[in-house]
Amino acid sequence: MLEIFVEVMRQGSFAAVARERNIDPSSVSRTIAGLESEIGVRLFQRTTRQLAPTEAGITYFQRVEPLVEEMQQAIIAAKDISGQPKGTLRVTASVSFGLKCIVPLLPKFEAMYPELTVELLLTDAVVDLFAERIDVAVRLGQLADSTLIAQQLMRTRYLVCASPNYLQQWGQPKTPSDVEQHNCLLFPLAGFRTRWIFKDKDADIKEISVRGRTIISNALALQQCARAGMGLALLPHWLIHKDVIDGKLLNLFPDFQVTATDFNTAAWLVYPSRAYIPLKVRIFTDEIKKHMLI
């Protein structure tokens, strides 16, 4: 009963909780009504279009949520004593990172742990870990302040790259300033589509204006366009590392650090604010760490 109340508060909907639990919404409604009857206060204001917590509901939630979380973690900790991860592991990551770095690990991982089900949510949106019941997220860039627990997975480095075919046709830029004369493949986020920032070995920084006729909101697509010879691209090392080794893309400025926003960026493992990290999460993150480029 209390778990359902907490889930309704987090998701703001009887229907959403019902879908997650694969039960009828009327069952969720009856559970909440029973809880209200038991404690003698109304927890939600209900209309045909809206569900809103009352002041009493908010106060009750603030006191009950930590207790429910502790009970859930106690159950998980007891099950972990067996040493075999079980149940469902819910993971989220960006589309590009997930397809490149997580999906290739799944066949071996699932073969090793047959009693564990992996649900992988790939999205470039920032997911509410509590509402979506996420066990661990991989997030890129700088983290906003939050109550979540974060652990650095790896530093992120960006490379300016191009295919041999493009360079044969249009020439290879010798200095960062030469980039202004080339067609660049651009990412539509603020900053990424207008400038690239170079830092040399003496820590001197130079901003270079970039232009291009192709703007794509997915790093994997930009990688494919770069390999097809469409222009220069600024891409993370974890995405193009193998392409550089195989010669499909060339790192044009190996003596420079390059970014579009900030040189101090990283990939992070992010967990809900819990004192106990379940065994299923620990073994999954350990597997990811084994394959990361530090």
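Odds and ends about this structure:
- Over the chain: helical MRE at 222 nm, DSSP H runs n ≥ 4 each giving -39500 (n - 2.57), nearest 500: -11000 deg cm²/dmol
- Working note: Debye formula, equal point scatterers on the alpha-carbon atoms of region 143-217, no solvent; log10 I(q)/I(0) at q = 0.16, 0.20 Å⁻¹ is -0.75, -1.01.
- Inter-site label distance for Arg213 and Thr194 at 7 Å from Cα along Cβ, in nm: 2.3
- With R₀ set to 25 Å, the beta-carbon distance separating Thr48 from Met1 gives a calculated FRET efficiency near 0.50.
- For the chain, the longest principal axis of the C-alpha atoms and the axis of helix 237-246 are separated by about 40°.
- Surface exposure of region 136-294, expressed per residue as accessible area with a 1.4 Å probe, stands at 51 Å².
- Take the Cα of Gln151, step 7 Å toward its Cβ, do the same at Ile39, and the gap between the two points is 3.4 nm.
- When both bridge partners sit in the chain, DSSP labels roughly 70% of those beta bridges antiparallel.
- Of the accessible area of region 1-111, computed with a 1.4 Å probe over protein heavy atoms only, carbon and sulfur atoms account for 54 percent.
- Candidate residues Trp268, Trp170, Trp196: accessible-area rank, largest first, probe 1.4 Å: Trp170, Trp268, Trp196
- Distance from region 1-50 to region 238-287 (C-alpha centre basis), Å: 40
- Straight-line cross-link partners of Lys289 among the lysines, defined as a Cα under 23 Å from its Cα and at least 8 positions apart when in the same chain: Lys86, Lys100, Lys108, Lys242, Lys280.
- Matching label, volume of the Cα convex hull per residue in Å³ computed from the structure shown, candidates [x] 119; [y] 170; [z] 143: [y]
- For trypsin sites (Lys or Arg not before Pro), the sites in region 141-191 that DSSP calls loop and that have at most 10 other Cβ atoms within 10 Å are Lys174.
- On the beta carbon distance between Gln224 and Ala144, with R0 = 25 Å, the FRET formula returns roughly 0.25.
- Additional length obtainable on full extension of the chain from Gln73 to Asp262, 0.36 nm per residue less Cα span: 64.3 nm
- Between 0 and 90 degrees, the angle of helix 25-39 with respect to the longest Cα principal axis of the chain falls at about 60 degrees.
- Against the main long axis of the alpha-carbon atoms of the chain, helix 55-80 sits at an angle near 80°.
- Peptides 205-215, 3-13, 229-239 ranked from most to least packed, by the mean per-residue count of other Cβ atoms within 10 Å: 229-239, 3-13, 205-215.
- A Förster radius of 22 Å combined with the Cβ-Cβ distance from Glu110 to Lys289 puts the calculated FRET efficiency at roughly 0.75.
- Percentage relative contact order, the chain, counting C-alpha pairs under 8 Å, at least six apart: 22
The values are calculated or read from the model by the stated rules, or taken from the named source; none is laboratory data. Bear in mind that the values here come from a model prediction, so they are computed numbers and not experimental data. Here Cβ is always computed from backbone atoms with ideal geometry, including for glycine, and neighbour counts include all displayed protein chains. Note: areas computed on protein heavy atoms with side chains; ligands, DNA, RNA excluded. Shrake-Rupley method; radii C 1.70, N 1.55, O 1.52, S 1.80 Å.
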